């Protein structure tokens, strides 16, 4: 039907007779000459209809925005002075000779003008129209290029694309599973996979030593800008490689994507232990573009009369940390109060601060209600440790280490963004040496990553003293976002049973839930490991988007609903009966 895409027309096509198809993006009547901007997935072409072709001119006069049309015409250069350098087709136009309306359109609920501000709920409810917007189409086209480049890179490195099941068994983190009732197995449920983790490990046992998949995954959890109930992973697993080799492969892939698709050299990927990341940045995914760091002051404040500081400083699980912000003394009390409310989101009970006005005057040059509680000597020692200068402000966090890290770590990012302290465009990082376990509020242990991650010790050492043991895990971080994470896996049955034991999983429960894996490990499982990248997050970062919803064709809302199809929806009594399900009304 078409001979060319609208967006592909250039000077070399001048004089050619062509056929275009697409949507009317805009119609303009300039002194008896009608201009139609015709849009398809490649871009926009300007088509001119002169009144000397009476039939086509009359038809062009009748079309409206979003009509679907077919045009026969001739490419010509735009008249001198009318070129549009902002458009890829801005040097040419099409003299329309024939016009056919393929389908009419009602006035859409919103205009597709790039300057039009439309609520996200309206856009998602009419997503098929929203997807016509050039900026959205560019992002999805870019996404296609990324997945194509990923496949090429991995297949060039010997990886095989192998699909794994979507209907599987519920995981130990079952509260986050989406359950699917079985009609043929009464009272039983499948679960949609949170990841293909166990199946890709079984592929390694099977001898497919390099696997990858662009995998759909599902997780029923609270949503944020970079979370969706269904998301896409670049899933990778390989045998007979250690963590450095796996990290090298993954880093090579990301470097190639940025170099080939964005012409960006990401530079060095430094490696940082988890403990250092938490100590300096309060986060296991620090944004290294922001030159602010947390500094421990436990030892300096442990003996002060100020119990708000002294208590956490003496608590083995507590922390008192300081965050120096150069030039922050100019912050108003209202801004500081807003920051206090902000850290409260993360459980902080308050936000202490000291403004450095005139350090040469000793404690008298420090402005803060807490200086008198710290004492002059301690306050000045804190300033000395931080390297504080006149014009700075110092924020403090004092509580359980987890709360301090989360609160000051988030404040560090917010202050850095608010004060335009970001020093560079891209800051990649590998975070390594994660703890094997973390302690829950009830004192029990849970796997920091997942229970199939290999620890950096023997099974006996793990059981004897699990606290403090490190795992062979690694996360790739970019600009404060976790792009991907993985680990060397457990390939020995005794080690896997040891991990289950530490987690309080009995032999009976382990056999019930993971018997197939434990059996597989008995039959010659090779050393293996891998990682998974969040494709949606990667595209979000590469396109400069603020949410992964902008780079997914049909995303859910933050409440995990699809406004387009009105899903999830109720199910009829007949279907529920066939599934042996009875709904219980909540009072």
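The values are calculated or read from the model by the stated rules, or taken from the named source; none is laboratory data. Since the structure is predicted, the reported quantities are computational estimates derived from the model, not experimental observations. Heads up, the Cβs are rebuilt from the backbone with ideal geometry, glycines too, and the neighbour counts pull from every protein chain shown.
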**Asked** Does any residue of the range 469-480 turn out to be outside the structural domain of residue 297 (by TED's automatic domain parsing), assigned to a strand (DSSP E or B) and either over 27 Å from residue 317 (Cα atoms) or over 29 Å from the mean Cα position of the chain (by Cα) (or both)?
**Response** yes
**Asked** Pick from the range 57-71 the residues that are under 25 Å from residue 11 (Cα atoms) and in contact (Cβ under 8 Å) with a residue 40 or more places away in the chain: which of them is surrounded by the fewest Cβ atoms within 10 Å (Cβ to Cβ)?
**Response** 70
**Request:** Please tell me if residue 419 is surrounded by fewer than 21 Cβ atoms within 10 Å (Cβ to Cβ) and at pLDDT 95 or above.
**Result:** yes
**Prompt:** Yes or no: residue 558 at pLDDT below 95 and either surrounded by 16 or more Cβ atoms within 10 Å (Cβ to Cβ) or under 30 Å from residue 428 (Cα atoms) (or both)?
**Reply:** yes
**Fill in**
Just one listed residue, out of 131, 124, is outside the structural domain of residue 211 (by TED's automatic domain parsing), surrounded by fewer than 17 Cβ atoms within 10 Å (Cβ to Cβ) and either under 19 Å from the mean Cα position of the chain (by Cα) or touching a residue at least 60 places away in the same chain (Cβ under 8 Å) (or both), and it is 131
**Request:** Tell me which residues, restricted to the range 519-543, are over 21 Å from residue 259 (Cβ atoms), surrounded by fewer than 20 Cβ atoms within 10 Å (Cβ to Cβ) and in contact (Cβ under 8 Å) with a residue 60 or more places away in the chain.
**Result:** 520, 523, 524, 526, 527
**Prompt:** Of all residues in the range 72-112, how many are part of a loop (DSSP other than H, G, I, E, B) and exposed (fewer than 12 other Cβ atoms within 10 Å of the Cβ)?
**Reply:** 8
**Message:** Here is a check on your reading of the model: is residue 34 modelled with pLDDT of 95 or more and either farther than 18 Å from residue 84 by Cα or not in a strand (DSSP E or B) (or both)?
**Reply:** no
**Item:** residue 466 vs. criteria in contact (Cβ under 8 Å) with a residue 24 or more places away in the chain, in contact with a helix residue (DSSP H, G or I) (Cβ under 7 Å, 6 or more places away or on another chain) and closer than 19 Å to residue 525 by Cα
**Value:** no
**Fill in**
The number of residues in the range 12-31 that are modelled with pLDDT under 95, in contact with a strand residue (DSSP E or B) (Cβ under 8 Å, 6 or more places away or on another chain) and over 20 Å from residue 112 (Cβ atoms) is 0
**Request:** Out of 424, 349, 372, 402, report the one residue that is surrounded by fewer than 19 Cβ atoms within 10 Å (Cβ to Cβ) and closer than 22 Å to residue 289 by Cα.
**Result:** 424
**Request:** Tally the residues that are surrounded by 12 or more Cβ atoms within 10 Å (Cβ to Cβ) and assigned to a loop (DSSP other than H, G, I, E, B), restricting the search to the range 243-266.
**Result:** 2
**Message:** Criterion first (part of a strand (DSSP E or B) and either under 16 Å from residue 435 (Cβ atoms) or assigned by TED's automatic domain parsing to the domain that holds residue 484 (or both)) does residue 272 satisfy it?
**Reply:** yes
**Item:** Per-region count, the range 83-99, residues out of contact with any helix residue (DSSP H, G or I) (no Cβ under 8 Å at 6 or more places or on another chain) and either under 24 Å from residue 59 (Cβ atoms) or not assigned by TED's automatic domain parsing to the domain that holds residue 17 (or both)
**Value:** 3
**Message:** Please go through the range 139-154 and give me each residue that is out of contact with any strand residue (DSSP E or B) (no Cβ under 7 Å at 6 or more places or on another chain) and either without any contact (Cβ under 8 Å) to a residue 24 or more places away in the chain or crowded, with 18+ Cβ neighbours inside 10 Å (or both), ordered by number.
**Reply:** 139, 143, 144, 146, 148, 152, 153
**Asked** What tally of residues in the range 342-375 results from selecting those that are free of Cβ contacts under 8 Å to residues at least 40 places away in the same chain and over 18 Å from residue 308 (Cβ atoms)?
**Response** 12
**Prompt:** Filter the range 419-462 for residues that are out of contact with any helix residue (DSSP H, G or I) (no Cβ under 6 Å at 6 or more places or on another chain) and part of a helix (DSSP H, G or I); which is nearest to residue 283 (Cα to Cα)?
**Reply:** 461
**Request:** Within the range 282-307, count every residue that is under 19 Å from residue 269 (Cβ atoms) and without any contact (Cβ under 8 Å) to a residue 12 or more places away in the chain.
**Result:** 0
**Item:** Matching option when the condition is surrounded by 17 or more Cβ atoms within 10 Å (Cβ to Cβ) and either free of Cβ contacts under 8 Å to residues at least 60 places away in the same chain or more than 30 Å from residue 234 (Cα to Cα) (or both), among 506, 494, 458, 471
**Value:** 471
